[in-house]
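Worksheet: the structure to be examined is printed underneath.
Readers should treat all values here as calculations from the given coordinates under stated rules, not as data from a laboratory. Keep in mind that this is a model prediction, so the values were computed, not measured. Please note: Cβ atoms are built from the backbone with ideal geometry, for glycine as well, and neighbour counts cover all protein chains shown.
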Amino acid sequence: MLKLISKLILWIFGWKVKGQMPQGINKCVIIVAPHTSNLDFILGRLSFFTIEAKVKFLIKKEAFKFPFKRVLKLWGGIPVNRGSKNNLVSEIAELFDKYDSLLVTITPEGTRRLNHKWKKGFYHIAAKANIPIILGFLDYKNKCCGLGPIMDVSGDYDKDLREIEKFYLDKTARHPENFNLSPLNLSVSE
């Protein structure tokens with residue numbers, strides 16, 4: 001039922017979902033970018049419901065308050081403490097040992113504001129858990145969201161990040177001025 005409702009909502013607003021969860025991938029980190037708006041979360045959830053991917057997602061613990069707490073947990077939310085020094089990478093990586101199937105979505109930008117340096121946690125979680133990364137995306141220009149390529153972690157973060165960034169260069173954020181890979185920001189940093 002959630003699949004049909006999600007497809008209908010996306011169709012009404014003119015959005016398409018591309019890609020499916022690859023066969024045989026039961027554990028992975030799915031990064032989703034660009035992330036510049038609260039609407040990104042809604043579109044992401046609708047797209048994952050549409051492709052029937054049972055994903056979990058990391059979200060600041062402050063969001064787990066009434067009236068959102070129950071819905072966030074039901075939809076797969078994992079509350080995280082972003083403010084203190086903790087061992088979040090190890091904790092999330094260890095979760096992959098406890099489950100036969102676990103798909104965790106992470107927004108590597110870590111904020112909806114402009115962030116020129118993505119957080120590295122997604123990469124370290126995948127490396128530590130020995131799982132692949134799937135590149136999820138939102139593209140407001142083309143009204144399209146979904147899943148792109150699968151990437152195995154090589155251990156060379158800078159090299160792998162360059163490959164990841166290439167995939168996102170043609171994706172348009174809702175607020176392009178807040179996406180570090182937007183042409184608006186690339187021309188400033190060059």
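Determine, yes or no, whether residue 13 is free of Cβ contacts under 8 Å to residues at least 24 places away in the same chain, on the phi < 0 side of the Ramachandran plot and not hydroxyl-bearing (Ser, Thr, Tyr).
Judged against the criteria, residue 13 is not a match.
Looking only at region 96-110, filter to residues that are over 12 Å from the mean Cα position of the chain (by Cα) and in contact (Cβ under 8 Å) with a residue 60 or more places away in the chain; which one of those is surrounded by the fewest Cβ atoms within 10 Å (Cβ to Cβ)?
Top of the filtered list is 100.
Search region 164-183 for residues that are closer than 15 Å to residue 136 by Cβ and touching a residue at least 24 places away in the same chain (Cβ under 8 Å) and pair each with any residue that is aliphatic (A, V, I, L, M) and not in a helix (DSSP H, G or I) when their beta-carbon atoms are under 6 Å apart and the residues are at least 6 apart or on different chains.
167/135; 168/33; 168/181; 179/173; 181/169
Of everything in region 146-172 that's small (Gly, Ala, Ser) and surrounded by 13 or more Cβ atoms within 10 Å (Cβ to Cβ), which residue is farthest from residue 17 (Cα to Cα)?
The extreme case among them is 148.
Go over the candidates 161, 181, 186 one by one and state the one that is assigned to a loop (DSSP other than H, G, I, E, B) and more than 24 Å from residue 10 (Cα to Cα).
Just a single option satisfies the conditions, and that option is 181.
Residue 148: in contact (Cβ under 8 Å) with a residue 12 or more places away in the chain and out of contact with any Phe, Trp or Tyr (no Cβ under 8 Å at 6 or more places or on another chain), yes or no?
Here the answer is no, as residue 148 does not meet what is asked.
Checking the structure you have, find out if any residue of region 94-112 is assigned to a loop (DSSP other than H, G, I, E, B), under 18 Å from residue 180 (Cβ atoms), in contact with a Pro (Cβ under 8 Å, 6 or more places away or on another chain) and of a type in the set (D, E, K, R).
Yes, some residue in region 94-112 is assigned to a loop (DSSP other than H, G, I, E, B), under 18 Å from residue 180 (Cβ atoms), in contact with a Pro (Cβ under 8 Å, 6 or more places away or on another chain) and of a type in the set (D, E, K, R).
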